[in-house]
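Engineer: Below is a structure I'd like to ask you about.
Just so it is clear, none of the values below were taken in a lab; they were calculated from the coordinates. What you see is a predicted model; the values in this text were computed from it and never measured. With ideal geometry, Cβ positions are generated from the backbone for all residues, glycine too; neighbour counts draw on all protein chains shown.
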Amino acid sequence: MLDAKAYYNRLLKYRDEIKKKIDFEPEVAIVLGSGLGDFAKNIQVEAVLDYGELEGFPVSTAPGHSGQFIFGTLEGVKVVCMKGRIHYYEGYDMSEVVLPLRLMYLLGARTVIITNAVGCMNENFSIGSFMVVKDCIASFVPSPLMGPNIDELGPRFPDMSEIYSKELIAKVLEIGKKNDIEVHEGVFIQLTGPQYETASEIRMYKALGADCCGMSSAVEAIAANHMGMKVCGISCITNMSTGISKTKLSGDEVIEIANKVSGNFEKLVSELVREIKK
C-alpha cells in the first residue's frame with residue numbers, strides 16, 4: 001500500500017532539488033506522447049533535466065520516450081514539458097506513473113495538455129487526424145488515487161464530471177477549424193497494454209462508447225483533476241484498431257504516422273498555449 005506521507009515528502013524533495021538547479025516556475029505542463037517528442041524543439045529552452053538525475057525517479061523505457069523535463073517558453077508562456085511519459089505496462093505502480101505530473105503541479109503548473117498517440121475504433125475518424133478528449137474510461141486500469149489520500153494534493157473523493165475543460169475543448173476545435181486541421185471530439189479509453197487489443201475487445205470498448213484507445217493518459221488526467229488542474233487531452237490518431245485495420249499493428253507505424261502529422265500537432269498545441277495566455 002502507498003505510504004502517502006513518504007510519497008508526498010519525496011515529491012517535495014524532487015521539487016526542491018529542481019528549484020535549486022533551475023530557477024523557473026511553469027504555468028502550463030505538456031505531456032508528449034509516442035512519436036510526438038519532437039514538439040519540444042518549438043520551446044525556447046531554459047533548462048533540460050533528465051529523469052535519471054533525480055534519485056529513484058521512474059525512468060521511461062518505451063520507444064520514442066526520451067525521459068526528460070524541458071523547461072522553457074512557448075508563445076510567451078512558461079511551460080514544462082514531459083518529453084516521454086511513464087507507462088503502467090513498464091512495471092511501475094500507478095502512483096509512479098502519475099508522479100511526474102504531480103511534480104509539475106508542485107513546480108507551479110496549473111494547466112496541463114496531455115497528448116498521446118491512439119488507435120481508433122470510430123470509423124468516421126481518419127488516420128492522421130486528431131481527437132480532443134471530452135471524457136475518458138479508466139475502469140480497466142487501477143486508479144491513481146488508490147491508497148491513503150494525500151490531502152495536500154486533493155480531496156479523497158474528487159468529482160469527475162468535467163475532467164477535461166470544456167473551455168479548452170472549444171479552443172482546440174476552433175484552432176483546428178481555423179487551420180483546416182481535422183479535429184474530432186470523442187471519448188478515450190485507457191488500457192494496460194503493452195499488447196494491442198483484440199478485435200473482440202475493440203467491439204466491447206466501442207459498445208461502451210469509446211472512440212479511441214491507448215495505454216496512458218486517462219490516469220494522468222484523473223490525477224491532474226484531483227489536484228484541481230485545468231486539463232486538455234489531444235490524441236493523434238495513428239492507426240485504426242484491430243478488427244478495423246486491414247494490417248497488423250506495430251509501434252513503428254504509430255511513430256511514423258505521428259511524425260507525418262507533427263506539423264499539425266505543433267500548430268494545435270502552440271496555438272492552444274497562446275490562447276491559454278489570453
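Engineer: Expected output is a single nm value to one decimal: the length gained when fully extending between N149 and D180, i.e. 0.36 nm times separation in residues minus the C-alpha distance. What is it?
Structural biologist: Numbers: separation 31, 0.36 × 31 = 11.16 nm, distance 4.40 nm.
Gain on stretching N149 to D180: 6.8 nm.
Engineer: Restricting attention to segment 1-82, which GluC sites (Glu not before Pro) occupy a DSSP loop and are surrounded by at most 12 other Cβ atoms within 10 Å?
Structural biologist: For GluC sites (Glu not before Pro) across segment 1-82 that sit outside H, G, I, E and B with at most 12 neighbouring Cβ atoms in 10 Å, the list reads E55.
Engineer: Relative contact order (percent) for the chain, with alpha-carbon contacts under 8 angstrom and 6 or more residues of separation? Display every interim value, and only then the final one.
Structural biologist: On the way: 551 pairs, mean separation 70.9, N = 278.
Computed over the chain, the figure is 26 percent.
Engineer: Still on this model: On a C-alpha basis, how far is the centre of segment 106-139 from the centre of segment 206-278 in Å? Whole number, if you could?
Structural biologist: 4 Å
Engineer: Quote to one decimal, in nm, the extra length available between E167 and V77 on full extension: 0.36 nm per residue of separation minus the C-alpha distance between them.
Structural biologist: Values: separation 90, 0.36 × 90 = 32.40 nm, distance 1.82 nm.
Going from the current span to full extension adds 30.6 nm.
Engineer: Considering the values (1) 0.94; (2) 1.09; (3) 1.04, which represents Cα Rg over 2.2 N^0.38 Å as calculated for the structure under consideration?
Structural biologist: Checking each listed value against the structure points to (1).
Engineer: Please find the FRET efficiency linking M160 to S66, where r is the Cβ-Cβ separation and R0 is fixed at 35 Å, and quote it to the nearest 0.05.
Structural biologist: Numbers: r = 31 Å, r/R0 = 0.89.
About 0.65, to the nearest 0.05.
Engineer: Roughly speaking, what is the centre-to-centre gap between segment 1-59 and segment 153-173 when only Cα atoms are used, to the nearest Å?
Structural biologist: For segment 1-59 versus segment 153-173, the Cα centre distance is 22 Å.
Engineer: To continue, here is another question. How about segment 226-271: which trypsin sites (Lys or Arg not before Pro) there are in a DSSP loop, with at most 10 other Cβ atoms within 10 Å of their Cβ? Could you put the intermediate results ahead of the total?
Structural biologist: Numbers: sites: K230, K246, K248, K260, K267; in loops: K246, K248.
Hits after loop and neighbour filter: K246, K248.
Engineer: Work out the charge dipole of the chain with +1 on the Cβ of Lys and Arg and -1 on the Cβ of Asp and Glu about the Cα centre, then indicate which of V98, S245, Y196 is farthest towards its positive end.
Structural biologist: The one lying farthest along the dipole's positive direction is V98.
Engineer: Right, another one. Taking the Cα centre of segment 1-144 as the origin, how large is its charge dipole in debye, to the nearest 20, when only Lys and Arg (+1) and Asp and Glu (-1) carry charge on their Cβ atoms?
Structural biologist: In debye, rounded to 20, segment 1-144 gives about 240.
Engineer: Rounded to the nearest 20 Debye, what is the dipole magnitude of the chain about its Cα centre when Lys and Arg each give +1 and Asp and Glu each give -1 at the C-beta?
Structural biologist: Values: 29 positive and 36 negative charges, 67 e Å.
Roughly 320 debye, rounded to the nearest 20.
Engineer: Another question, then. Going through the cross-link list K230/K260; K20/K41; K134/K171, which pairs have a Cα-Cα distance over 20 Å in this structure? Write down the numbers at each step before the final one.
Structural biologist: Working: K230/K260 29 Å; K20/K41 25 Å; K134/K171 12 Å.
Check vs 20 Å cut-off fails for K230/K260; K20/K41.
Engineer: Taking the simple approach of a point 7 Å from Cα along Cα-to-Cβ for both R203 and D93, what is their distance in nm?
Structural biologist: 3.9 nm
Engineer: If you don't mind, another one. Got a sec? Charge dipole of the chain, +1 on Cβ for Lys and Arg, -1 for Asp and Glu; which of G147, L2, A29 is way out at the positive end?
Structural biologist: A29
Engineer: In segment 143-213, which GluC sites (Glu not before Pro) are in a loop and have at most 15 other Cβ atoms within 10 Å, using DSSP for the loop call? Walk me through the numbers before you get to the answer.
Structural biologist: On the way: sites: E152, E162, E167, E174, E182, E185, E197, E201; in loops: E152, E162, E182, E197.
Of the GluC sites (Glu not before Pro), the ones in loops of segment 143-213 whose Cβ has at most 15 other Cβ atoms within 10 Å are E152, E162, E182.
Engineer: In whole Hz, with x marking every Gly and Pro, tabulate ³J(HN,Hα) for segment 54-60 from phi via Karplus 6.51 cos²θ - 1.76 cosθ + 1.60, θ = phi - 60°.
Structural biologist: These are the phi-based 3J(HN,Hα) values: 9, 4, x, 6, x, 10, 5 Hz.
Engineer: Follow-up. Testing the spin-label approximation: label points 7 Å from Cα along Cα→Cβ at S139 and D23. State their distance in nm.
Structural biologist: 5.2 nm
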